[in-house]
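*Asks:* There's a structure below that I have some questions on.
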Amino acid sequence: MLEVAPACLGDDEAVGRLALFCEQIGEPLEQDVAAGRYVLSGDRCALYGTVL
């Protein structure tokens, strides 16, 4: 995930890159954005409402 949207990108830029990636792998965008936030922050609250 961080290879597609590195930590130096803001949410808006990251979503643009992740949307294409998620479409290719068949994953919901919201789930992958939440997982990326969790990876960066380590805060499990970022995963609220997602199923991994």
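*Asks:* Need pairs with beta-carbon distance below 7 Å; first residue small (G, A, S) and within region 17-30, second surrounded by 12 or more Cβ atoms within 10 Å (Cβ to Cβ); sequence gap 6+ or separate chains.
*Replies:* Here the result reads A19/L29, each pair linking region 17-30 to a residue that is surrounded by 12 or more Cβ atoms within 10 Å (Cβ to Cβ).
*Asks:* How many residues does region 1-34 hold that are over 10 Å from the mean Cα position of the chain (by Cα), of a type in the set (S, T, N, Q) and closer than 21 Å to C45 by Cβ?
*Replies:* 0
*Asks:* Does L40 meet the test of being at pLDDT below 75, open to solvent by 40 Å² or more (accessible area, probe 1.4 Å) and part of a loop (DSSP other than H, G, I, E, B)?
*Replies:* On the way: at pLDDT below 75: yes; open to solvent by 40 Å² or more (accessible area, probe 1.4 Å): yes; part of a loop (DSSP other than H, G, I, E, B): no.
Here the answer is no, as L40 does not meet what is asked.
The values are calculated or read from the model by the stated rules, or taken from the named source; none is laboratory data. In this text the structure is predicted, and so the values were computed from the model without any measurement. In this analysis, Cβ positions are derived from the backbone assuming ideal geometry, glycine residues included, and neighbour counts consider all displayed protein chains. Just so you know, the surface numbers come from the protein's heavy atoms only, side chains and all, with ligands and any DNA or RNA stripped out. Shrake-Rupley method; radii C 1.70, N 1.55, O 1.52, S 1.80 Å.
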